[in-house]
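Undergrad: I have a structure I would like to understand better, so I am pasting it below and will then ask my questions one at a time.
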Amino acid sequence: MGKKIMLLNASPRRHGNSDKIAQAFTAGAQQKGNEVTRFDAAFMDIGGCTACDRCWSKGEACVIEDDFKKLEPYYESSDVLLLVSPLYWGALPAQVKGAIDRLYAYGGSGGPKPLAIREAAFILIGELETGHIEYKPAVEAFRLMCDYLGWDNRGVIVQGGLGKADDVLNTDALRRVEEFGREI
Ligand SMILES: Cc1cc2nc3c(=O)[nH]c(=O)nc-3n(C[C@H](O)[C@H](O)[C@H](O)COP(=O)(O)O)c2cc1C
């Protein structure tokens, strides 16, 4: 049976490299009967965690009334999380950070609606060459998140050399990502 995959795209560039990568992954995953639901964090209203420690006090993971509410049902029902992100200043873009930080509600002893996600993967792109040390902190942060939430880390793909919005077309990344989607 196919998996339910939640794809979280961090890029604010509408038809950029992350968008093309997300589409390639989705095509591969769908070919194998998986269901992919994509969220573009940069076009959603998702603020940061306020450390109010009122998680679950109103029956849902987070008490803040914003678009994180749209993510909660998918965090609670998907099998796999795929994070697609450009590297910004050696880290992830601000727009996606809230969607990640507010997973806090599901950590520790959790709440009445646990995370369904058991597997995660990360596709990280940037302008610097693949293998540059600058990608390491974001990759490590992803690994730590997997460890903390008990997710099986299904893999990290780092693709560098992508500056302009179409640069990914000049690499083999889309082919590799589509294949990754078929194998997920
Ligand atoms: C604000 C900003 C910060 C960036 N910081 C980095 C960086 O630290 N390292 C890097 O390799 N590329 C950096 N880049 C380049 C992007 O990661 C790269 O162009 C990526 O392909 C953009 O993905 P997109 O086409 O999906 O928007 C930065 C771009 C922007 C707009």
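The values are calculated or read from the model by the stated rules, or taken from the named source; none is laboratory data. What you see is a predicted model, and the numbers here were worked out from it, not measured in a lab. Neighbour counts run over all protein chains shown; Cβ positions are idealised from the backbone, glycine included.
Undergrad: For region 159-174, does any single residue satisfy the condition of being on the phi < 0 side of the Ramachandran plot, crowded, with 19+ Cβ neighbours inside 10 Å and out of contact with any helix residue (DSSP H, G or I) (no Cβ under 8 Å at 6 or more places or on another chain)? Write out each step before concluding.
TA: First pass over region 159-174, keeping only residues on the phi < 0 side of the Ramachandran plot: 159-160, 162-174.
Still in the running and crowded, with 19+ Cβ neighbours inside 10 Å: 159-160, 162, 168, 173-174.
Now restrict to residues that are out of contact with any helix residue (DSSP H, G or I) (no Cβ under 8 Å at 6 or more places or on another chain): none.
No.
Undergrad: May I pose another question? State all residues of region 67-85 that are of a type in the set (D, E) and more than 18 Å from A105 (Cβ to Cβ); if no residue qualifies, say none.
TA: Taking region 67-85 and keeping what is of a type in the set (D, E), we get 67, 72, 76, 79.
D79 - this is the single residue of region 67-85 that is of a type in the set (D, E) and more than 18 Å from A105 (Cβ to Cβ).
Undergrad: What residue, among those in region 104-124 that are under 11 Å from the mean Cα position of the chain (by Cα), within 15 Å of D147 (Cα to Cα) and aliphatic (A, V, I, L, M), is surrounded by the most Cβ atoms within 10 Å (Cβ to Cβ)?
TA: Residues of region 104-124 that are under 11 Å from the mean Cα position of the chain (by Cα), as a first pass: 120-124.
Checking the rest, the ones that are also within 15 Å of D147 (Cα to Cα) come to 120-122.
Next, only the ones that are aliphatic (A, V, I, L, M) stay: 120-121.
Values: A120: 22, A121: 24.
The qualifying residue surrounded by the most Cβ atoms within 10 Å (Cβ to Cβ) is A121.
Undergrad: Picking from K20, K4, which residue would you name as being away from the ligand (no atom under 16 Å from the Cβ), in contact (Cβ under 8 Å) with a residue 60 or more places away in the chain and surrounded by 15 or more Cβ atoms within 10 Å (Cβ to Cβ)? Talk me through it step by step, then tell me what you get.
TA: On the way: K20 fails: away from the ligand (no atom under 16 Å from the Cβ).
Step by step, each of K20, K4 is checked, and only K4 is away from the ligand (no atom under 16 Å from the Cβ), in contact (Cβ under 8 Å) with a residue 60 or more places away in the chain and surrounded by 15 or more Cβ atoms within 10 Å (Cβ to Cβ).
Undergrad: A51: farther than 22 Å from T171 by Cβ, crowded, with 18+ Cβ neighbours inside 10 Å, at pLDDT 95 or above and small (G, A, S), yes or no? Please lay out each step first, then the result.
TA: Numbers: farther than 22 Å from T171 by Cβ: yes; crowded, with 18+ Cβ neighbours inside 10 Å: no; at pLDDT 95 or above: yes; small (G, A, S): yes.
No: the conditions fail for A51.
Undergrad: Without any contact (Cβ under 8 Å) to a residue 24 or more places away in the chain and of a type in the set (A, V, I, L, M, F, W, C), is that true of C62? Steps first, answer last, please.
TA: Details: without any contact (Cβ under 8 Å) to a residue 24 or more places away in the chain: no; of a type in the set (A, V, I, L, M, F, W, C): yes.
The answer is no for C62.
Undergrad: If Q30 satisfies every condition in (1) crowded, with 18+ Cβ neighbours inside 10 Å; (2) among the polar types (S, T, N, Q); (3) part of a helix (DSSP H, G or I) but one, which is the exception?
TA: Tallying (1) crowded, with 18+ Cβ neighbours inside 10 Å; (2) among the polar types (S, T, N, Q); (3) part of a helix (DSSP H, G or I), Q30 fails exactly one: (1).
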